[in-house]
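Undergrad: Got a structure for you, written out below as structure tokens; questions coming shortly.
We did not get these values from a lab; they are worked out from the coordinates using the rules stated. This one's a predicted model, so the numbers in the text were calculated from it and none came from an experiment. Cβ placement follows ideal geometry from the backbone for every residue including glycine, while neighbour counts extend to all protein chains displayed.
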Amino acid sequence: MLALRKWLLSGLLVIVPLAITLGVLNWVIGTLDQTLWLLPEDWQKWLVDHHVRGLGVLLTLTILLVVGAIASNFVGKRLLGWGDAVVRRIPVVRSIYSSVKQVSDTLFSENGNAFRTAVLIQWPRDGLWTIAFVTGSPSGEVQAHLGVDDYLGVYVPTTPNPTGGYFVMLKRSDCVELRMSVDDALKYIVSMGVVVPGGPATLPTK
């Protein structure tokens, strides 16, 4: 019985991660395949008849590369600037667009500082510790209300789904900077502490 139980657990350890990974990849590919609706109707029919899977990934990458190439030159920047100005004049839409653009610029910009440092904080009360990610420093009106103390904005992810969480502002002295990389910290959170980071990583300079 002990041998059967060991084999069963070993099988689960192999199959479960593989099944979840394949499920996520299948969802991603299926979602990206929706871009095929941008193609002419005759092409769509041919692709459906021949069950071509994953072509949407290539189409999405092609679109991203083309848009990126256009946005990187002088004319493209002028067009994007004009379009950005138009969208920002539309009520309601401008609020949503501005917020989303600010977040995306922070996350995807080469000069962005989001989620580059993992820290230990006491959460949700003193004596309980969790891992969080530094997102920046308060500024403007928020900084004025917080006073002269040096605060950090941190994102506290939930476990095992780190896409949900809380944004809080803490004193820098209350945040213990970790030497593990962000990837290692995420693995540690998702695995609920089962997957221990292998070793220290070099932190970016402040």
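Undergrad: Mind listing the long-range amide H neighbours of L178? Cut-off is under 5 Å, sequence gap 5 or more, other chains count too, H placed in the peptide plane at 1.01 Å from N.
TA: Counting only residues 5 or more places away or on other chains, the set is A118, V119, L120.
Undergrad: Need the C-alpha centroid separation for the stretch 169-189 versus the stretch 136-159, integer Å.
TA: First find each Cα centre; the distance between them is then 15 Å.
Undergrad: Can you compute the modelled spin-label distance between S137 and N26, with each label point 7 Å from Cα toward Cβ, in nm?
TA: 4.9 nm
Undergrad: While we're on this one: Using modelled backbone amide H atoms (1.01 Å from N, in-plane), which distant-in-sequence or interchain residues come within less than 5 Å of S137's amide H?
TA: Excluding prolines and chain starts, which carry no amide H, the hits are G153.
Undergrad: What distance in nm separates the simple spin-label points at K187 and V67, each placed 7 Å from Cα in the Cβ direction?
TA: Distance between label points: 3.2 nm.
Undergrad: Amide H to amide H under 5 Å from V195: which residues, 5+ apart in sequence or cross-chain, H placed 1.01 Å off N in plane?
TA: Amide H neighbours of V195, under 5 Å, 5+ apart: none.
Undergrad: Pairs of alpha-carbon atoms within less than 8 angstrom and 6+ residues apart define the contacts here; what relative contact order does the stretch 118-190 have, in percent?
TA: Dividing the mean separation by the residue count of the stretch 118-190 yields 34 percent.
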